[in-house]
Structures are given as C-alpha cells and as structure tokens.
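Everything below concerns the one structure shown next.
The values are calculated or read from the model by the stated rules, or taken from the named source; none is laboratory data. What you see is a predicted model; the values in this text were computed from it and never measured. Every residue, glycine among them, receives a Cβ derived from its backbone with ideal geometry; neighbour counts consider all protein chains shown. SASA here: full protein model, heavy atoms, side chains in, ligands and nucleic acids out. Shrake-Rupley method; radii C 1.70, N 1.55, O 1.52, S 1.80 Å.
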Amino acid sequence: MSSKRYQLKETTRALTPTGGFLDGFAFSLNPYVGCAFGDAGGCPFCYVRMLPVARSESGPWGSWIIAKSNLADRLERELAALENSGRLAQTTIFMSSATDPYQGIERKLLLTRAALEAFIRRPMRRLLIQTRSPIIERDLDLIRALGERAIVSITIETDDDQVRRALTPTSPSIERRLETARMFRERGVFTQVAIAPMMPNHATRFAQLVDDAADRVIVDTYFDGDGARGARSQALGIGELYARHGYDEWFRRGAERELLEAMKARLGEHRLLFSRDGFNAV
Ligand code: SF4
C-alpha cells in the first residue's frame, strides 16, 4: 500500500444539507475528507475522486486524508440548534456520503465515535451509517443505544472474493463484511447490505448469503447510481477495467436482472430495494 498523507483541519460545519442522489435525507455527515479505501487500486468506481472537493488536493484519491478535528464540537452545536428550533426529532442524517466513516484512521482518531456520542445526547429521527469496514463493530454499544433510530448499511458489491480482489482489492473480504452485517443484525440493529455498485456475482448464492445478514438489501448499478447514467463510471475506466479482467458482460445496462430476480425469490420484494429509492428509504 502506498504511503498516505494525513492532516487535521478544523471544519466550519458538521452537517451538510443534502441534494441530488441522497435528497431523502436532510443532511450528510462526513468526519473525513478523502478515503483510504480508494488507495492502491481500491474502489476504482468511486466518483467522489472526480468531485471538486477531491480535485482541490494534490495526489491521487486515497493517498491523502483530512480529519475534521473539531467535528464533535461543531456537531454538538448544530444538533443543539436543531433541537432548539424543534426540528431535531424529524432530522435524518446519512453518514457518510463522500468518505468511509470507519476507514483505518478512525481507530485512532475516534471522530465517528464522538459523533455517535453526540447523537445519543441529542437523538435525531434517523441515522444511516454507510461503511464497508468491520471497524464499525467497535461502536456496537453506541449504535445499539440509538435503537430504532439507527440503520447500519454495509457495502458488499459481490459474493465472489476473487472478483473483490480483482476490482476493489483494498476492501475487506466478503466473508468478513458479511460477518459484520450478521453481528449487527443478530444484536437487534436494523441492518442493510448495499450491493453498490453491483459487481460480477453468482446470483442465487449471493441471495442466500445475504439472507441472514440483512434486514433489507439495496442493489445499485453503475448505470443507475453514478449520477450520470453510467458516463461517470465510463470516464473512470470501469469498462476497460472489466474488459481486462474478462468481465465485459457485466458492464452493461440490465446486468443486474438475474440478481434482482434471485434476491426477490429468496428475500421477498419487501426486503429488496433498488438504487436511489433504496438509499433514500429512511
Ligand atoms: S469506501 Fe466509499 S468513499 Fe471510500 S473510496 Fe470506496 S467508494 Fe469511495
């Protein structure tokens, strides 16, 4: 893995009003700017690397991470303001939309954990925690304390660890992520598996694997979920990457149909959501 540059910086705000793809949530919360999972060929589909926030830093996506050092203070103040205005009980928050809140540095900095502590002091209506990292297990106590307000969403793009190693090598193994999802579900936390973006898979086996790991499953594709009908993914070289690995057939509209059918058959329609509608189901 290449060396990374870490910086601590103060932020002017913790909560950002959402728009676009995640407009079902009122705010997003990103404890970090940049994401270590994007390093060394990881998450080649991550279009955050194309956004202005990423381009303003020097060095490839994944090689630098900025930690918002005063996040807890800012969040505390913003939650207090929402509470004082009577809006907190209706507030919905997506953590995180442009970084993974449980990337490695979180073990040491505890910014995400401090945010959870602030949410327990001032509970909102819904907090969705989106991650691919088993480090989230450390915070099971706090997430359980949020009760029905919390949804844990674990990204698992494929059931095939060979595909995972080829396409997103910095991500934890499939089995490890399934274990994390199962653990949260077994402990009573509402848990979803986000197959986003869907990668080459064995539909029936995948459906079987997520059945006991998820209360619900969201399937998303490069063509429905990259915000540009696949053009962003194409610009990121996903078509060429798939061709290099012999996965050409999977980079096309409609490649998700077999998986959707298998999921429907195994989980039932009520546990299956698709793309934007799924991510905005608060
Ligand atoms: S974990 Fe998410 S934010 Fe981080 S590089 Fe991967 S897709 Fe991008």
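Points worth noting:
- Per residue, the chain exposes 44 Å² of solvent-accessible protein surface, assessed with a 1.4 angstrom probe and all protein chains in place.
- The chain: most fluctuating residue of K68, K264, K108 per GNM, C-alpha cutoff 10 Å: K108
- Here the Gaussian network model covers the chain, with springs between Cα atoms less than 10 Å apart; of R271, R164, R244, R244 fluctuates the most.
- Unpaired cysteine residues in the chain (no second Cys Cβ under 4.7 Å): C35.
- Chain lengthening between E175 and R87 when straightened (0.36 nm per residue, less Cα-Cα): 27.7 nm
- Within the accessible surface of the stretch 18-103, defined with a 1.4 Å probe on protein heavy atoms only, the carbon and sulfur portion equals 54 percent.
- If you wrap the stretch 156-276 in the convex hull of its Cα atoms and look at it from every side, the mean projected area works out to 7.1 nm².
- Taking the centroid of alpha carbons for each part, the stretch 214-282 and the stretch 104-169 are 21 Å apart.
- FRET efficiency estimate (nearest 0.05) - Cβ-Cβ, D277 to K108, R0 45 angstrom: 0.75
- Computed from Cα atoms alone, the Kirkwood hydrodynamic radius reported for the stretch 1-151 is 15.8 Å.
- Compactness ratio for the chain: Cα radius of gyration over 2.2 N^0.38 Å (N = residue count) comes to 0.96.
- Förster radius 22 Å - calculated FRET efficiency between K9 and V53, Cβ distance, rounded to 0.05: 0.95
- Rg in Å to one decimal, and Dmax rounded to a whole Å, for the stretch 177-240 via C-alpha atoms: 14.1, 42
- Note on R187 and D212: the model spin-label points, each 7 Å out from Cα along the C-beta direction, lie 1.9 nm apart.
- Taking label positions 7 Å along the Cα-Cβ direction at both R121 and S69, the computed distance is 2.0 nm, reported to one decimal.
- Net charge of Cβ neighbours under 12 Å - reference G59; Lys, Arg +1; Asp, Glu -1: +2
- Cα long-axis angle, helix 174-186 against the chain (0 to 90 degrees, to the nearest 10): 50 degrees
- Over the stretch 92-192: Rg over Rh, Cα atoms, Kirkwood Rh: 0.97
- Ligands, DNA and RNA left out, the accessible area of the stretch 166-282 computed with a 1.4 Å probe is 47% carbon and sulfur.
- Principal-axis tilt of helix 257-267 within the chain, Cα atoms, nearest 10 degrees: 60 degrees
- Listed residues V163, V217, V189, most fluctuating in the chain (Gaussian network, C-alpha, under 10 Å): V163
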